[in-house]
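A short write-up of the structure that comes next.
The values are calculated or read from the model by the stated rules, or taken from the named source; none is laboratory data. All figures in this text were calculated on a predicted structure; none of them were measured in a lab. Cβ sites come from the backbone with ideal geometry, for glycine too, and all protein chains shown count toward neighbours.
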Amino acid sequence: MNCVEAIDVMGDAAEDRLDPSCSAGFQEHIEECPPCATYYEQLRITRLALRNLDPAAPEAPARRAELITSFRRAFGERKN
Amino acid sequence: MENHREEEALLARLGRGEEAAFAALVDKLHGRLYAFARTFTTSPALAEDIVQETWLAVIRGLAGFEGRSSLRTWIFGILVRRAKTVASREARRPEVPYPGANGHAENSGEEWDLGYGRRGLWERAPVPWGLEDPAAVFQTKEALEIIDQAVREMPETQRQVVLLRDVEGLEAADACNILGLSETNQRVLLHRGRARVRRALDRYLQGQTDLAGPLMGSARTRGERA
């Protein structure tokens, strides 16, 4: 595997979904190519960081209340 | 998100009409749905409308939800349909573009493109971040803001793919279905999006090295103070 091929499957590798047929070749390339190894490490961290993003929305208490009222109408009046 | 068993438990609670379960679901996903809705419109108010209509459609559809996809996948799929409806209703407003589902003409900039190395492989090799604890990157408020900003600056379709795949953790096939993208296109957009975020983090972290020794130790302290 060369750099181009390694980069091509790096996203899958970062998700631990690498096709088994290229897993060995990818590992071998990463071990012998420091730039790809660095890039791969950074891509893994980047993906983990994105998984930890928790986007916020403006507070909207009236809309939230409207939703809960709608839910109550649809599913009965039960409180918890 | 939640595993299958937790989701089944949640669905059972919702089916019994437990308001607290519904409120918790709203609170958990609301910001995420809003961020996703913003990929369909530049108008914050319209994005809020899209999210609200999505939730109302969720309430209407919940009893018939069969669990063929995860609850999260189902809800985000509903949002896309609501967004298209709202966008077409508001079509006369020029600030409400629906970006379509192709994602072409989104340049990757200076990073790799899948299948094509840059001329001269690694003509500028990436510099290691030298993090003592990689987890610090996503536990630091400042770094998360850098990432959030990078995501917000993405072209719409790229942002949709990154939000669904990496932020929400949806399967590739589900993201393709929801967005009407081919698997190949989805892969390219995801790669470009991740590359963009990596670049933003790289600029941030390399900049930090000039300021302090143990890189993220100092960044974390700043993040906690912020």
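When the helices (runs of 4 or more DSSP H) confined to region B:1-75 are screened for residues that are polar (S, T, N, Q), those reaching at least 2 such residues are found at B:44-61.
If you go through region A:10-54 and keep only what is under 21 Å from B:Leu201 (Cα atoms) and hydrophobic (A, V, I, L, M, F, W, C), you end up with A:Met10, A:Ala13, A:Ala14, A:Cys36, A:Ala37, A:Leu43, A:Ile45, A:Leu48, A:Ala49, A:Leu50, A:Leu53.
Among residues of region B:132-152 that are within 19 Å of B:Ala195 (Cα to Cα) and facing chain A (nearest Cβ under 8 Å), those with a Cβ under 7 angstrom from a residue that is among the aromatic types (Phe, Trp, Tyr) and surrounded by 16 or more Cβ atoms within 10 Å (Cβ to Cβ), sequence gap 6+ or separate chain, pair up as B:Ala143/B:Tyr204; B:Leu144/B:Phe138. Filtering region B:42-49 for residues that are out of contact with any helix residue (DSSP H, G or I) (no Cβ under 8 Å at 6 or more places or on another chain), in contact (Cβ under 8 Å) with a residue 24 or more places away in the chain and not small (Gly, Ala, Ser) leaves a non-empty set.
In region B:5-49, the qualifying residues are those that are touching a Gly at 6+ places or on another chain (Cβ under 9 Å) and loosely packed, with under 15 Cβ neighbours inside 10 Å, and the one that is farthest from B:Ile59 (Cα to Cα) is B:Glu8.
Considering only region B:188-201, state which residues are more than 7 Å from chain A (Cβ to nearest Cβ) and in contact (Cβ under 8 Å) with a residue 60 or more places away in the chain. Matches in region B:188-201: B:Val188, B:Leu189, B:Arg192, B:Ala195, B:Arg196, B:Arg199. Just one of the numbered conditions (1) more than 23 Å from B:Arg199 (Cα to Cα); (2) facing another protein chain (nearest Cβ under 7 Å) is not true of A:Ala24: (2).
Candidates in region B:14-70 are the residues that are among the small types (Gly, Ala, Ser) and under 19 Å from the mean Cα position of the chain (by Cα); of these, the one that is farthest from the other protein chains (Cβ to nearest Cβ) is B:Ser69.
If the condition is being loosely packed, with under 15 Cβ neighbours inside 10 Å and small (Gly, Ala, Ser), then region A:1-33 contributes A:Ser21, A:Ser23, A:Ala24. If only residues of region A:43-80 that are over 19 Å from B:Leu56 (Cα atoms) and either in contact with a Pro (Cβ under 6 Å, 6 or more places away or on another chain) or among the acidic types (Asp, Glu) (or both) are counted, the one that is surrounded by the most Cβ atoms within 10 Å (Cβ to Cβ) is A:Ile45.
Yes/no per residue for (1) of a type outside the set (A, V, I, L, M, F, W, C); (2) crowded, with 19+ Cβ neighbours inside 10 Å; (3) part of a helix (DSSP H, G or I):
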{"site": "B:Val137", "(1), (2), (3)": "no, yes, yes"}
{"site": "B:Val151", "(1), (2), (3)": "no, yes, yes"}
{"site": "B:Gln158", "(1), (2), (3)": "yes, yes, yes"}
{"site": "B:Asp166", "(1), (2), (3)": "yes, yes, yes"}
{"site": "B:Leu170", "(1), (2), (3)": "no, yes, no"}
{"site": "B:Ala173", "(1), (2), (3)": "no, no, yes"}
{"site": "B:Gln186", "(1), (2), (3)": "yes, yes, yes"}
{"site": "B:Leu190", "(1), (2), (3)": "no, yes, yes"}
{"site": "B:Leu201", "(1), (2), (3)": "no, yes, yes"}
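Checked against (1) surrounded by 13 or more Cβ atoms within 10 Å (Cβ to Cβ); (2) at pLDDT below 80; (3) not polar (S, T, N, Q), B:Lys141 meets all criteria but (2). If the condition is being more than 16 Å from B:Thr54 (Cα to Cα), touching a helix residue (DSSP H, G or I) at 6+ places or on another chain (Cβ under 9 Å) and touching a residue at least 12 places away in the same chain (Cβ under 8 Å), then region B:3-41 contributes B:Glu7, B:Leu10, B:Leu11, B:Leu14, B:Gly15.
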